[in-house]
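The values are calculated or read from the model by the stated rules, or taken from the named source; none is laboratory data. Since the structure is predicted, the reported quantities are computational estimates derived from the model, not experimental observations. Don't worry about glycine lacking a Cβ; one is built from the backbone with ideal geometry, like all the others, and counts go over all protein chains shown. The protein model used for the area step is the full one, side chains on, heavy atoms only, and it has no ligands, DNA or RNA in it. Shrake-Rupley method; radii C 1.70, N 1.55, O 1.52, S 1.80 Å.
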Amino acid sequence: MSVKPVKAISIIGMMSELDEVITFCGDSQAFQPDDAMSFYSDTKNFIPLSNKNPFSGPIQDLKNAADLAGFQLEYVPDAKKGKTTAELMDYITTFVDKTEAMVNRKLRIEQDIDSCKRSIEQVEHFTGSDINFSEINNCRYITPNFGRMPKESFEKLSQYSDNQFALFFPFTHDQTHYWGAYFTIPEQKNDIDRIFSSLYFERLDVPPIAGTPDEYIKKLREELDGYVQEQQEIKKKMDAFWAQEKEKCLACYSALEEMDAYNEIKRYVYQYHKNFILVGWIPADKEKYFTKKLESIESIEYSLSDGKDEMKHSPPVIIKNPPFFQLYEFYVKMYGMPCYNEVDPTVFVALTYTLFFGIMFGDVGQGLVVAIIGALMYKFKKMQVGRILIPCGIMGMIFGFLYGSVFGFEDLLTPVHQALFHTEGKLIEVMTPNAINMIIYGSVAIGVVTITISIITNICSSIRRRDYESAFFGANGVAGFLFYTSLVVGLVCQMMLNIPVMNAIYIVGLIVIPLILMFLREPLGRLAEGKKNWQPEKWGEYCTQSFFELFEMCLSYVTNTMSFLRVGAYILVHAGMMMVVFTLAEMVGGPVGYTIVVIIGNGIVMALEALLVAIQVLRLDYYEIFSRFYVGEGRPFTPVTTKVLKSR
């Protein structure tokens, strides 16, 4: 609805008072610092306050330790409770050391468990044998090579029967592989390794088995049980530690988070001899709150100025809208924040988006489903689009009632229309020739009205920005408004109402003269702004450029207006797609088949059409409406606060 007023505040004081000022500004949750250099003309004696943030390191250490331990850190307001910074730092250091010690022990146990499981998995392939692996591993002249080979390769070993050392001793096998070992002596090692490599032998990282495989696995499982028990004990110890320290830890963490966030303000502080200078922005309604506090701090001086008087510094923007329209701020911010002296288009977007969506997606049943899906999307996924789909679905139900369409059934509401509107059939028979003509003409009329409102909005917005060229002589200014409305009114009266208004005076006064004003908009705009150098440097170059720009402007009026035909087109598309669904359902036949096809068809049409309509309506807002009056190059008001508070 509007952009909330902000004020620039400049604070000057002794360096000894800096921490108190910064803490107050941070606690206010309503102070956005800015570069002081841009606010002062003489800055040669200004020195940036180089101050390393002492809190970021301990906070990151705490987060890392808590993340490894599985402790959930949460922000707790007003958590400092009189603790000094040194006390907070000492506690965090102690907490991190204890947590890391338990985490390291936990990680070592997990590594031991993983190692034990891998060893069991490897050795299990060699069970069922009474061979003492300790004796094999202690051989001086024979090297064992444990692994597996494909069954096909095992069968090919017979080809190497002439080599008495190419022997493979299988232990176990499955459908694809044999697990076992082959042995080499130093003289034959390279030859035997090449043979088994050609047979796709895969060596396994088998641990040094003590005794038989069965004995070794029994030992490993006993070790594994011990590690698992130790893992459970350390987990209980960590849970007990967190239960005991949670409240104190969260309090210290929250206090440090606040100090860390507020310390970021120091990046904007400049030192001037023994004084500091801090400049920022506050909401206008917070002025008394700030001035009362600053006046209570000794040696502090401050000055305030309205945002409208500081336009060269690009004041940050706070959008202020009623609850319903706040839903559509999502689309506005996605395009770009309004400038401080610009009209906030949120209300315009809310009305046009909801209305156009309802017109294009007119179906009582499908609109209800869309509204329910939107509510579920927001409730469970917190998706902002879900909140927007709720009123859009309701508007679709309203227009669906006017069209008499319920899940594509076009005759269910006919008796209701006859009773309420005293008609012979439905109020609007979408697919009849008369209704189609009405829909087409109505779509064009919607486009004309929307574009006209957009031009009027641009005139108001441009005057607020003191952009008189755009306000009076641009394609979306007074000249453009006269040209467009006069042309539309003249054509409608002349061609549809048979009222001969397009005479010479009408054409020259309301069409030709506005065209000339738009052609000369740049020099006329400079004259209106009181600039001395209002004439173009080269008139010939200017006239050539302006001619093509004027031609493009005139073409845009036509294309933008015709673009609104998509509003009516989707009404017809919906009816046509549902006719196809019911035709297919009748072709399938039978009550069960008919019902299944209708349900599936409704789901497909609803999903496809909801997506397309949502995109097309957004396109109309962005390209046909915003392009006429909205700049969207503002910056949002982002006060210094903790990350947790920012996300609220």
Exposed loop sites here are GluC sites (Glu not before Pro) in DSSP loop states with at most 16 other C-beta atoms within 10 Å. What is the longest stretch of the chain lacking them? 299-423
When the scattering of the stretch 282-410 is computed by the Debye formula from its Cα atoms alone, each counted once and equally, what is log10 I(q)/I(0) at q = 0.09, 0.18, 0.20 Å⁻¹? -0.44, -0.97, -1.08
If you roll a 1.4 angstrom probe over the protein chains with everything in place, what fraction of the accessible area of the chain belongs to carbon and sulfur, to the nearest %? 59 percent
Rounded to the nearest 10 Å², the accessible area of residue 218 using a 1.4 Å probe with every protein chain kept is 130 Å²
How high is the relative contact order of the chain? Use alpha-carbon pairs under 8 Å, at least six apart in sequence, and give a whole percent. 20 percent
Once residue 41 and residue 84 are pulled to full extension, the length gained, defined as 0.36 nm per residue separation minus their Cα-Cα distance, is 11.5 nm
Rounded to whole Å, give me the distance from the Cα center of the stretch 569-590 to that of the stretch 433-506. 38 Å
I'd like to check one number: the per residue accessible area of the chain, probe 1.4 Å, reported in Å² as a whole number. 54 Å²
Please provide three numbers in whole Å: the alpha-carbon extents of the chain along the principal axes, with the largest listed first. 117, 89, 60
Full-extension gain between residue 63 and residue 293, please, as 0.36 nm times their residue separation minus the C-alpha to C-alpha distance. 79.4 nm
On full extension of the chain, what length is gained from residue 12 through residue 572, given 0.36 nm per residue of separation minus the C-alpha to C-alpha distance? 195.0 nm
Could you put 417, 177 in order of accessible surface area, largest first, with the 1.4 Å probe and the full protein assembly present? 177, 417
Report the convex hull volume per residue for the stretch 134-285, counting only C-alpha atoms, in Å³. 380 Å³
